[in-house]
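The values are calculated or read from the model by the stated rules, or taken from the named source; none is laboratory data. As the structure is a prediction and not an experimental result, all values here were calculated from the model. Methodologically, a virtual Cβ is constructed for each residue, glycine included, from the backbone with ideal geometry; neighbour enumeration extends over all protein chains shown. Heads up: the accessible areas ignore ligands, DNA and RNA and are worked out on the full protein's heavy atoms, side chains in. Shrake-Rupley method; radii C 1.70, N 1.55, O 1.52, S 1.80 Å.
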Amino acid sequence: MIQITELTKVFQTKKQNLTVLNKINIRIEDGDIFGIIGMSGAGKSTLIRCINLLEKPTSGSIEIDGEDITTKSGKQLLKLRKSIGMIFQNFNLLMQKNVRRNIAFGLEIIPIKDFIIEGMSKKEYDVLNYFQKRKLKKAEINRRVDELLALVDLKEKEFNYPAQLSGGQRQRVAIARALATKPTVLLCDEATSALDSLTTKSILKLLKKINEETKVTIIVITHEMNVVQEICNKVVVLDKSEIVAAGSTEEVFSNESSEITQRLIGGIA
Amino acid sequence: MAVLKEFLDNYGSMLVQGTLETLYMTFFATLNAYIIGLPIGILAEVSRKGGIHPMPVVNKILGIFINIGRSIPFIILLFAAIPVTRFIAGTTIGPKAATVSLIISATPFVARLIENSLREIDGGVIEAAKAMGASDTQIVFKVMLPEALPSIVMGISLATITLVGYTAMAGVTGGGGLGHIAISYGYHRYETNMMMATIVLLILIVQIIQSIGQKLSKLIDKRGKGEN
């Protein structure tokens, strides 16, 4: 469960203070596909970046499973980020590494001493010498990458480089990469905004499948109505740094009280 | 033909010697400039405002250091650095001595090249690595350097070519190499043939370095379209 309480973010510039998020309260349950929708400039990108502390909130708290993460720094922060996956509008893949190495990245950066193989206790693992651990780690990474390649259906592209892939395929690689370390939360920052509608559909289908199979909580920020309607069970509408509507997807979109909600539904901003 | 044969008989070995000295100075100086300049360039990029680990004071100092180094013309540095050269190389003439000034001059240049190569990387890729929990060191060694490698390779060939030019200048202070031959034979003794020969050799060296750099950079760059 993620509980965001009175979250405020102010960007300080020389001329003025710019409030990007104003006292945001959100509660996200485990296994939700949670939508945050709003027009550009509403503050959604900042909001999602606060959840893995790419942006540091000015005030307020973000509790994940009861623990406030906003105070984390150093090694604890790195550890937190390993438990939260993220995908982006522009995919942000490593252009000089092939699909396999991209997917493996998150696993490669875990120190050998912390890389505990599934089905092995910490004690058993500690007994192994450094070289055994290295060998095991490599085999385990390969096994996990194979698993992920199957999940996102890219087995035949495993040795290709990102430049040789289509947008949809790149986003699949990014999804696999984000899931490699088995995060409990997956953040999607306008993940389908650079894709055509057909590809968008297939990526959303994939996210939904992943959510059902692994129970990973997915947080989606978007300015596209249809994305929210397609996969989100809950949604908040963000406008001018504040939440103007919240609830289940049906509730929010049937209740056309707020002007911004209307605009989003009516015009498809 | 006979003229060419006579010329080579007389000066051939000297030109070979000069070429070797030029190559020695160039590569040895480039190598050392990278050993010192690479970490400085990385630190300059990492510490800048908006970098992965902003350190304004460190960045300012590095910036000043790099700019001072780059604003001293090599021909002046060559003389100004004589005491340092004597201290390090034990002599102030010959290729070995010239190499010291070359390294001093090339290091800030290399640092700037590295900094620029690293800055070209798409910020989104670094953000993604951060989001995955990569430490600053991991971002540098597992993301920034590998992603910038094709550009770094181009930088190396640029630095090497610049240094070929500098080695020729080092000929003025008796630095040896083709520059020394061009000045003492081509200029002081009016032997136009020698002047021409050194120019041709220098052009050849630069061309070869340039095309090796380009080929290598293209070979390792995976951003090109098409199946491999």
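Label-to-label distance, B:Ser184 versus B:Phe65, with points set 7 angstrom from Cα along the beta-carbon direction: 3.6 nm.
When chains B and A come together, the accessible area they lose, probed at 1.4 Å and totalled over both chains, is close to 2300 Å². Beyond 18 Å in Cα-Cα separation lie the following of the pairs A:Lys97/A:Lys155; A:Lys137/A:Lys215; A:Lys15/A:Lys240; A:Lys82/A:Lys123: A:Lys137/A:Lys215; A:Lys15/A:Lys240; A:Lys82/A:Lys123. The alpha carbon centroids of segment A:123-186 and segment A:194-227 are separated by 20 Å. Note on B:Ile220/A:Asn142: beta-carbon distance plugged into 1/(1 + (r/R0)^6) with R0 of 30 Å gives a FRET efficiency of 0.80.
For the protein assembly as shown, DSSP calls about 50 percent of its internal beta bridges antiparallel. What accessible area per residue, rounded to a whole number of Å², is obtained for segment B:2-227 using a probe radius of 1.4 Å? Here the residues of segment B:2-227 average 51 Å² of exposed surface.
Value of Rg to Rh for chain A, rounded to two decimals, is 0.99; Kirkwood radius and Rg both from alpha-carbon coordinates.
Each pair of Cα atoms in segment B:1-115 enters the Kirkwood radius, and Stokes-Einstein at 20 °C and 1.002 mPa s then converts it into a translational diffusion coefficient of 133 µm²/s. Dividing the summed helix terms, -39500 (n - 2.57) for each DSSP H run of n ≥ 4, by the number of residues in chain A produces a 222 nm estimate of -12000 deg cm²/dmol to the nearest 500.
Modelled label positions at A:Glu213 and A:Lys56, each set 7 Å beyond Cα in the direction of Cβ, lie 3.9 nm from each other. Label-to-label distance, B:His53 versus B:Ile35, with points set 7 angstrom from Cα along the beta-carbon direction: 2.3 nm.
What residues in segment A:174-219 lose 20 Å² or more of accessible surface when the other protein chains are added to their chain alone (1.4 Å probe)? The answer is A:Arg177. Calculated on the Cα set of the protein assembly as shown, radius of gyration then Dmax: 29.5, 99 Å. Helices of chain B meeting both criteria, an alpha-carbon length of 24 angstrom or more along the long axis and an average Kyte-Doolittle score not below -0.5, with helices taken as full DSSP H segments, are B:2-47, B:95-119, B:145-170, B:192-220.
Each Lys or Arg adds one and each Asp or Glu takes one away; over the other residues whose Cβ falls under 10 Å from the Cβ of B:Gly175, this sums to 0. At q = 0.16 Å⁻¹, what base-10 log of I(q)/I(0) does the Debye formula yield for segment B:2-227 when every alpha carbon is treated as an equal point scatterer in vacuo? Rounded to two decimals, the profile gives -1.08.
Could you tell me what percent of the accessible area of the protein assembly as shown is made up of carbon and sulfur, with a 1.4 Å probe and every protein chain present? Within the protein assembly as shown, the accessible surface is 59 percent carbon and sulfur. Applying D = kT/(6 pi eta Rh) to segment A:84-229, where Rh is the Kirkwood radius over alpha-carbon pairs, T corresponds to 10 °C and eta to 1.306 mPa s, the Stokes-Einstein value obtained is 99 µm²/s. Pairs with C-alpha atoms separated by more than 23 Å, drawn from the list A:Lys79/B:Lys142; A:Lys135/A:Lys209; A:Lys138/B:Lys142, are A:Lys135/A:Lys209.
Counting Cβ atoms of other protein chains within 10 Å of each residue's Cβ and taking the mean over peptide B:121-129 gives 6. Mean per-residue shielding of peptide A:163-169 is 2, counting Cβ atoms of other chains within 10 Å of each Cβ. Residues of segment A:162-189 with an amide N closer than 15 Å to a point placed 7 Å from the Cα of A:Ala150 along the Cα-to-Cβ direction: none. The length gained by stretching the chain between A:Met1 and A:Asn233 to full extension, at 0.36 nm per residue less their Cα-Cα distance, is 82.0 nm.
The mean count of C-beta atoms from other chains within 10 Å of the C-beta of residues in B:140-151, rounded to a whole number, is 2.
Estimated from the Cβ-Cβ distance and a Förster radius of 56 angstrom, the FRET efficiency linking B:Ala80 and A:Thr184 is about 0.35. Burial of accessible area (probe 1.4 Å, heavy atoms of protein chains only) in segment A:89-109, relative to its chain alone, reaches at least 20 Å² for A:Asn92, A:Leu94, A:Met95, A:Gln96, A:Lys97, A:Phe105, A:Glu108, A:Ile109.
For segment A:115-269, the solvent-accessible area of protein heavy atoms averages 49 Å² per residue (probe radius 1.4 Å; ligands and nucleic acids excluded).
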